[in-house]
Amino acid sequence: MILCRIVMAFGLLNGLFLATALFVPLTFKSHIYGWQQASSLMILHAFVTAAMLYAAVEKQRGSALGLKALPASIMSYILWLCMVLRWLAF
């Protein structure tokens, strides 16, 4: 149950980070993380964050979907993070 709360808090922080980057583009290693420069990454970030939050809520409810979706949403976040790190490498 504590894992669900940690994942939910992490998902909410990601949503806040995404909303901030939407209005004020952020700079990482001379790359700008904003809507015009990284729109596909931001869209995928929004989907991954929403999946993470939904999976945490379903896991707290005790549904079978939550049992399967929570590890998948965490893995999808890790894959998204790999994409961002690859984007930052160029």
*asked:* Based on this model, can you work out whether L85 counts as hydrophobic (A, V, I, L, M, F, W, C), out of contact with any strand residue (DSSP E or B) (no Cβ under 7 Å at 6 or more places or on another chain), in a helix (DSSP H, G or I) and free of Cβ contacts under 8 Å to residues at least 24 places away in the same chain?
replied: yes
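Would you tally the residues in segment 51-81 being among the charged types (D, E, K, R) and in contact (Cβ under 8 Å) with a residue 60 or more places away in the chain?
First pass over segment 51-81, keeping only residues among the charged types (D, E, K, R): 58-59, 61, 68.
With in contact (Cβ under 8 Å) with a residue 60 or more places away in the chain added as a condition, the list becomes none.
Adding up the residues that qualify gives 0.
Kindly indicate whether A21 is touching a residue at least 24 places away in the same chain (Cβ under 8 Å) and either within 16 Å of the chain's Cα centre (by Cα) or more than 24 Å from L3 (Cβ to Cβ) (or both).
no
Name the single residue that is farthest from A89 (Cα to Cα) among those in segment 21-39 being of a type in the set (V, I, T) and loosely packed, with under 12 Cβ neighbours inside 10 Å.
V24
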*asked:* For segment 47-71, give me each residue that is at pLDDT below 95 and more than 14 Å from M8 (Cα to Cα).
replied: G62, S63, A64, L65, L67, K68
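Listed residues L16, L65; which is within 17 Å of the chain's Cα centre (by Cα) and in a helix (DSSP H, G or I)?
Every option except L16 fails the conditions.
The values are calculated or read from the model by the stated rules, or taken from the named source; none is laboratory data. Since the model is a prediction, treat every value here as computed from it, not as a measurement. Quick reminder, even Gly has a Cβ in these numbers, built from the backbone with ideal geometry, and neighbours come from all protein chains shown.
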